[in-house]
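Peer 1: Have a look at this one.
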Amino acid sequence: MIEEGYGFSVVPEIRCSDHIQRIVKKIPMAQILTETDNPGGPESYMGNKGMPLLIRDVIEDIAKVKGKSFQEVERAVQNNFVRLIERLPGLKKEISGLVS
């Protein structure tokens, strides 16, 4: 899947899962995305619902695992998101100017 260029969404479970951390180490920065509301996510292990505020924690943990700065990971995730959205008809115009 990595070789085929798929994107991989990293979830809050990275905070407590060595398995997820090992997977994230292998994913190229150009293929990393983030999310907080996956089914059975944070609520199942932390007792809290996934909230957008957790994205900051996810990015911090990706940075630690990959030996990158918070800003490098944040920028990569934003760029990856824009590339993903640009592939969808009609949305390129909608997002222009939102993310640099």
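Peer 1: What pairs come up if the first residue lies in region 1-18 and is touching a residue at least 60 places away in the same chain (Cβ under 8 Å), the second is assigned to a strand (DSSP E or B), and their beta carbons are under 6 Å apart, counting only those six or more places apart or on different chains?
Peer 2: Sorted first by the residue in region 1-18, then by its partner, the pairs are Gly7/Leu33.
Peer 1: Another question about this same structure. Taking region 29-54, which residues are closer than 19 Å to His19 by Cα and modelled with pLDDT of 85 or more?
Peer 2: Met29, Gln31, Ile32, Leu33, Thr34, Glu35
Peer 1: Select from region 58-77 the residues that are surrounded by 15 or more Cβ atoms within 10 Å (Cβ to Cβ) and farther than 14 Å from Val10 by Cβ and write down the one among them that is farthest from the chain's Cα centre (by Cα).
Peer 2: Glu72
Peer 1: Additional query: Could you check region 16-30 and list, in sequence order, the residues that are surrounded by 17 or more Cβ atoms within 10 Å (Cβ to Cβ) and of a type outside the set (A, V, I, L, M)?
Peer 2: Residue satisfying the conditions is Gln21 alone.
Peer 1: Does Glu13 satisfy the criteria of being surrounded by fewer than 11 Cβ atoms within 10 Å (Cβ to Cβ), out of contact with any Asp or Glu (no Cβ under 9 Å at 6 or more places or on another chain) and at pLDDT 85 or above?
Peer 2: Spelling it out, it is not the case that Glu13 is surrounded by fewer than 11 Cβ atoms within 10 Å (Cβ to Cβ), out of contact with any Asp or Glu (no Cβ under 9 Å at 6 or more places or on another chain) and at pLDDT 85 or above.
The values are calculated or read from the model by the stated rules, or taken from the named source; none is laboratory data. For clarity, every value in this text was computed on a predicted model and none was experimentally measured. As a convention, Cβ positions derive from the backbone with ideal geometry for all residues, glycine included, and neighbour counts pool all protein chains shown.
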